[in-house]
Amino acid sequence: MATTATFEEFLRTAKIERTTACWCWCVGASARTFEPGGLANGAAVKKVKPGKRDGFFESYKSEIASHKLDRLLELNMVPPTVEIRV
């Protein structure tokens with residue numbers, strides 16, 4: 001079984017086969033499908049620019065921080081979250 005660090009590295013380096021619109025509730029999200037044979041078939045990608053939305057501060061950095069905090073506390077409730085540039 002792969003570790004969280006292995007999944008994080010895979011998400012950073014996986015070759016993207018295609019990108020489609022995501023049906024999920026996240027505004028500005030897209031679905032990425034990876035080339036076959038990797039640790040995952042695909043992932044949801046959110047473009048979250050730092051700023052206030054509906055009175056709350058949001059940022060992609062907050063998403064990454066919540067994943068790191070989840071790992072430190074060993075809760076295993078937040079999926080691997082990494083920063084990538086496409």
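Summing Lys, Arg as +1 and Asp, Glu as -1, what charge do residues with Cβ under 12 Å from the Cβ of A29 carry, A29 excluded? With Lys, Arg at +1 and Asp, Glu at -1, the neighbours total +2. One chain, two ends: S62 and R18. Fully extended at 0.36 nm per residue, the span grows by 13.2 nm beyond their Cα-Cα distance.
Net charge of the neighbourhood of E17, taken over other residues with C-beta under 12 Å away and scored Lys/Arg +1, Asp/Glu -1, is +2.
Taken along the Cα-to-beta-carbon direction at a fixed 7 Å, the label points for A44 and A2 span 1.9 nm. Cα convex hull, the chain: 111 Å³ per residue, rounded to a whole number. The count of lysine pairs in the chain whose Cα atoms are under 21 Å apart, excluding pairs fewer than 8 places apart on the same chain, comes to 9.
For E63, what is the net charge nearby, where nearby means another residue's Cβ is under 14 Å from its Cβ and Lys, Arg count +1, Asp, Glu -1?
Numbers: positive: K46, K47, K49, R53, K61, K68, R71; negative: E8, E58, D70, E83.
With Lys, Arg at +1 and Asp, Glu at -1, the net is +3.
Since every read-out is calculated from the coordinates, none of them should be taken as a lab result. Quick caveat, the model's predicted, so the values are computed rather than measured. Cβ atoms come from the backbone with ideal geometry, glycine included; neighbour counts cover every protein chain shown.
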